[in-house]
1. Sort through 486, 490, 547 and tell me the only one that's hydroxyl-bearing (Ser, Thr, Tyr), over 19 Å from residue 420 (Cα atoms) and touching a residue at least 12 places away in the same chain (Cβ under 8 Å).
2. Please return the ranges of helices (runs of 4 or more DSSP H) entirely within segment 452-549 where 3 or more residues are polar (S, T, N, Q).
3. Regarding segment 511-527, can at least one residue be identified that is at pLDDT below 95, within 15 Å of the chain's Cα centre (by Cα) and more than 22 Å from residue 397 (Cα to Cα)?
4. Could you figure out which of (1) under 16 Å from the mean Cα position of the chain (by Cα); (2) part of a helix (DSSP H, G or I) isn't true of residue 592?
5. Looking at (1) part of a helix (DSSP H, G or I); (2) modelled with pLDDT under 95, which one does residue 571 not meet, given that it meets all the others?
6. Out of 220, 202, report the one residue that is small (Gly, Ala, Ser) and within 25 Å of residue 348 (Cβ to Cβ).
7. Working only within segment 487-505, note down all residues that are within 23 Å of residue 427 (Cα to Cα), surrounded by fewer than 23 Cβ atoms within 10 Å (Cβ to Cβ) and hydroxyl-bearing (Ser, Thr, Tyr).
8. Examine segment 597-613 for a residue that is part of a helix (DSSP H, G or I), among the acidic types (Asp, Glu), crowded, with 19+ Cβ neighbours inside 10 Å and touching a helix residue (DSSP H, G or I) at 6+ places or on another chain (Cβ under 8 Å), and state whether such a residue exists.
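The values are calculated or read from the model by the stated rules, or taken from the named source; none is laboratory data. If you're wondering where the values come from, they're calculated on a predicted model, not measured in any experiment. Ideal geometry is used to build each Cβ from the backbone, glycine not excepted, and the neighbour counts take in all protein chains shown.
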Amino acid sequence: MKKKKYFCKLLSLLMVVVLLTSCGKASSTSAEAKAFLQSLNWIKNLNQAQSVQGNPQTPTEAPTLPPEPEPEPEKPVINTEYNFSIYDNNLRTYTDEELSIQAEFKEFLNGLFVDSMESNYLNLIYTVENPEAMGIKISDDISWGECSIEAMEEGEQENIDLYNELTAFDYNSLDYEGQLIYDTLKTMLENEMTGYKYWYFAENLSPLNGIQTSIPIMLAEIEFTEKKDIDNYLMLVNDTKRFIDDVLTIEKYRSENYGLFLTDAGADDVINQCNEFIDVEENILISSFDSRIDTLDFLSDTEKKEYKEENKTAVNTNVIPAFKAIAETLPDLKGTRLYNGLCEYEHGDEYYAYIVCDNSSTLASVSDLLSLTEKYIDNAVEAIQSADMMDMYSAYYPEYPYSDPRETLDFFADKLTVDFPAPATTEYEVKYVPKSLEASSSPAFYIIPPIDNINKNIIYINGSDEYANTDLYSTLAHEGYPGHLYQCSYFNSLNPNPIRSVLSFTGYNEGYAMYSERYSYDYSGLSEGAIEVLKANDIYGYGLYSYLDLKVNYSGWSYKDVCDYMADLGYDEEISQELFSIAINDPCVYHRYFIGLVEMLELMDYAKELLGDSYSNINFNKYILEMGPTYYDIIKDRMSDWADRVLGQ
C-alpha cells in the first residue's frame, strides 16, 4: 500500500511546523506586563513614584523603594540524575517470536520514514544530512508536492489503511520504545481521521502561519554541497507558481462551498506581507542564493554566473508572480467568510477539537482545557496582585546578566546543568531575519537540525522595529538553551527511531520551550518575588490569547463579547481587535505555547506528587527529554513506572 501521502498531509509545507520552532508574538514580555499592570493600576502608581524618560528599559531615575529584604538562606540543590535509561530492555526477557515482531515493527517504521523522506524533498534536506546512509533515494522530480482537492480526499482512506496496518502488530510483544511509538502513532492517526474528514477548514494562508511566511526562509536556508543540490533547488523554485496556484484554487473552493476564508483584516495582513516581499529592493531569494554560490569552490566562475542568472530568472518568473497571485486573488475573496468562530460552522466544533489536540499535544477535552486555562489565569492574576512594589518594579525593568545573544546563550548552556542534564552540543549559529521577511516573521525562531548532525543549529532573530523592545534574554532561552536547541539536540543524541522526527508535536515542543524559558528567570539574579511576577506574567499574557481563542471558537463569543471582556481588564479596542483576529485567522496558534506550558507544569506537579522528597528538577527534566515529543497523556501514563524506578535505584 501507499504510505507516503500521510506524512505530507494536506499541504507539503505543513512540515514547516516541524522544521521551524518559533517564539510566539505574545512574547514581548515588557509590553504584556505593562498592559496588565495598567489594568491593575500598578503603572499609574509606579509613574507617580518615578520620572522615567526615554527608553523604558533604562530609567533615568530610580524610584524611592523600600529596602530589599534580607535574602533567605539558599536551599540545598538536589542535582543527581537517575542512572538508567527509560529505554532499557533488560527489565524483561523476550521470546524469539516477540523479537521477530519487534524486528518487523522496526522495518514497518523504517518504511514509513523512508517513504516520508522520498516523497517530500524539502522535508528530506532539513531532516537528514546524509540520505544515502539511511537508504533514502532523492527523486529526479523535485516539487512542492500535491495540493488538490483529490489529494485531500485520498488522504482520508490512506490514513485508515495505515491505521489498520499499525494496529495489526501485537502491542504486548513490543519493547518500551516500540510501545511508545505505537501509542503515539495510533493516537495521531485516530486524531487525523477528523482532520482529513474536515480538511477544508484548514487555512493555508493565515497571517501568522501561512505558507507565504515559510517559503522564502526555507528556500534561503537550503545548503549546496554539490551541483545536484543547486539543480534540485532550482526545480523547487520553478515549481512555486504552480504550487501557489493550487493553493489559491483550494482557497476559492473553501470560500465558495463553505464560506470559509480569512477575515478582511487577516486578508489585508497577508496581502501586505506578499507586497513587502515583492517590493523589497533586494530579494532574499536572489541575494542569499548569490552569497551561497560565491562560497562554492566546486564551481567555476562561469558556472557561478550562469547559476545566478538562472536563479534570478526563476525567482522573477515563478516566485514573484506566485506572491503577486496571492495579493491579487485575496481581495476578491474578502467578505466571503460566513461566521466568526469555528463552532458556528457545521462540524466546526469537531474540527476545532481536532486542531486543539493537534496544536496542544493533549487529549483533554476542550471544556476541560477551558477550565484549566481559567484556573491558571486566575492564579497568575493573584500572584501579580500580591507582589510588592519592589518586585513589580524589578520585573518591569529587569536587569539581566547579559544582552548579547551569544553571551546569553553561552551563559544558559553553562548554567542549566543545575536543573538539566549536560547539553549534547554547544554548537550553534545566530542569524538575523532578512529585511524582506521581518514583517512576516516571529521575534525569533530556531531551525531544527538534521537528525544525523546535532551540531547544525541556527537561531534567527528578528531585528525589526516591531520587536525592538522584545526581551531577548528569555527569548533566547526559549529558542536556544535550555529550550528548542537544547531539547532537539539532546533527544537526537539518544538515537531515537527516525520516525519520531517525522511526527509533529508543536504542543510538546513549544510547551517545553515555554517551560524552559522560566529557568532563565531563575538564573537571572533577580529577586524571588520578581521572578514569580515574570512567570505569572507569561502565564497571563499567553493565557489571555488562548482563553479568547477558546471563547471565540468553542463558546461562540462575538467581537463585542471580546471587546467587553478586554475593556473590563483595561485594554483598548485595538488590542481586542488583534486578539479577535488571531482567534479567527490563526485558531489554536497560541495553544501551542500556553496549553503546552500548562501541561508541562501539570506533569511537574504530578512528578512531585509521585516522588515526594526525592523529586528534583534534573530528574524530571531528564525524563521529559528522554520521552521526547509526543502527547502529554502518553508521557503521564508512563510516569508512575518511571517514578518507581527512580525511587528504587
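1. Working: 486 fails: over 19 Å from residue 420 (Cα atoms); 490 fails: over 19 Å from residue 420 (Cα atoms).
Every option except 547 fails the conditions.
2. Hits in segment 452-549: 484-493, 506-522.
3. The answer is no; no qualifying residue exists.
4. (2)
5. All conditions pass for residue 571, except number (1).
6. After applying the criteria, what remains is 202.
7. 490, 493 - these are the residues of segment 487-505 that are within 23 Å of residue 427 (Cα to Cα), surrounded by fewer than 23 Cβ atoms within 10 Å (Cβ to Cβ) and hydroxyl-bearing (Ser, Thr, Tyr).
8. The initial filter retains those residues of segment 597-613 that are part of a helix (DSSP H, G or I), namely 597-613.
Right, trim to among the acidic types (Asp, Glu) and you get 599, 602, 605, 609, 613.
With the extra rule that they be crowded, with 19+ Cβ neighbours inside 10 Å, the set shrinks to 599.
Then drop every residue that is not touching a helix residue (DSSP H, G or I) at 6+ places or on another chain (Cβ under 8 Å), which leaves 599.
So far as segment 597-613 goes, yes, one or more of its residues are part of a helix (DSSP H, G or I), among the acidic types (Asp, Glu), crowded, with 19+ Cβ neighbours inside 10 Å and touching a helix residue (DSSP H, G or I) at 6+ places or on another chain (Cβ under 8 Å).
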